[in-house]
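**Q** Sharing a structure, written as structure tokens. Questions coming.
Please treat every number below as a calculation from the coordinates, not as lab data. The shown structure was predicted, so the numbers you read here are calculated from the model rather than taken from an experiment. A quick note on method: Cβ atoms are made from the backbone with ideal geometry, for glycine too, and the neighbour counts reach across all protein chains shown.
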Amino acid sequence: MKKFLVALTVMLMSTTACTASGDMILPPPNLNAKLTVMDALNQRQSARNFVDKALTPAQMSKILWAANGINRDNGKRTVPVANGVYSVEVYAVTKEGIYLYDVENHKLNLIAEGDYRSATTTGQSFVSKAALNLVYVETPEAWKSANRTPPRESQIYSANVTIGAMVQNVALVAQTEGLGNCVRGSINREEFRIVAKLSADKIILLAQSVGFTK
Ligand SMILES: Cc1cc2nc3c(=O)[nH]c(=O)nc-3n(C[C@H](O)[C@H](O)[C@H](O)COP(=O)(O)O)c2cc1C
């Protein structure tokens, strides 16, 4: 019995647990890396030769956490933000569905079931093979909730700076996992807005494909 419980615990820690609603609870991010930061920087490059093979739950966890995860007891994150306002949402688009990264609970909340990877590109065929396509979306609601009202132009500028840090964090972690990545500005914004059920005020700023490569 004890052996069974140990095996079950190990299994749960190494898999994503899907809830009844289809959400994915991610395992805690493993902070070990096979490369140093300098090695990862030395190897950083865009990849487009993806193979359609799912990432492990541990890899999903590391990548989402690197993009926008909480790294301190005060709730602050792996990326810097202007005025302490976290206005960038990260959507994870996989073969299984579109998910919104729930930062506080380190889980992926299901938005739409099905393979919508092609909706994150204007036609680059490698995108539908990449296991994970991240879509970075600016939400003005975050500023309103924080009772801050800089001009909209400043809000968008700040989001773009934060997204620059997000994509580089993801690129470096992907490199340490032996995964390829490609930052992408060409997104089918009209289609993605519909399938991801995004309100009209949100701005789809950037995408990033991540996955195993040939
Ligand atoms: C803002 C931005 C948008 C980009 N958009 C695309 C894109 O839509 N498709 C693509 O294949 N690569 C895209 N790239 C990747 C660049 O083509 C790539 O970074 C550049 O050629 C340098 O190559 P490297 O990343 O291998 O050093 C984009 C990069 C940035 C920073």
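**Q** Which of the peptides 194-206, 143-155 is most tightly packed, and how do the rest follow, going by the mean number of other Cβ atoms within 10 Å of each residue?
**A** Taking the mean over residues of other Cβ atoms within 10 Å, the ranking is 194-206, 143-155.
**Q** Could you name the aspartates and glutamates in cross-link range of K53, using Cα to Cα under 15 Å and dropping any fewer than eight places away on the same chain?
**A** Straight-distance partners of K53: E96, D115, E177.
**Q** Could you compute the FRET efficiency for V37 and A200, with r as their C-beta to C-beta distance and R0 at 45 Å, rounded to 0.05?
**A** 0.70
**Q** List every residue whose amide H lies under 5 Å from the amide H of I111, counting only residues 5 or more places away in sequence or on a different chain, with H placed 1.01 Å from N in the peptide plane.
**A** Distant-sequence amide H within range of I111: I98, Y99, L100.
**Q** Continuing with the same structure: Of K34/K95; K107/K129; K107/K214, which pairs sit farther than 25 Å apart, going by alpha carbon to alpha carbon?
**A** Going by Cα-Cα distance, K34/K95; K107/K214 fall outside the 25 Å limit.
**Q** Another question about this same structure. How would region 16-211 be classified by its alpha-carbon gyration tensor: rounded, prolate or oblate, with rounded meaning a/c under 1.5 and the a/b versus b/c comparison settling the rest?
**A** rounded
**Q** Here is a follow-up. How high is the FRET efficiency from D73 to K144, r the C-beta distance, R0 35 Å, rounded to 0.05?
**A** 0.85
**Q** What ranking do 66-72, 47-53 get when scored by the average of other Cβ atoms within 10 Å per residue, highest first?
**A** By packing density, highest mean first, the sequence is 66-72, 47-53.
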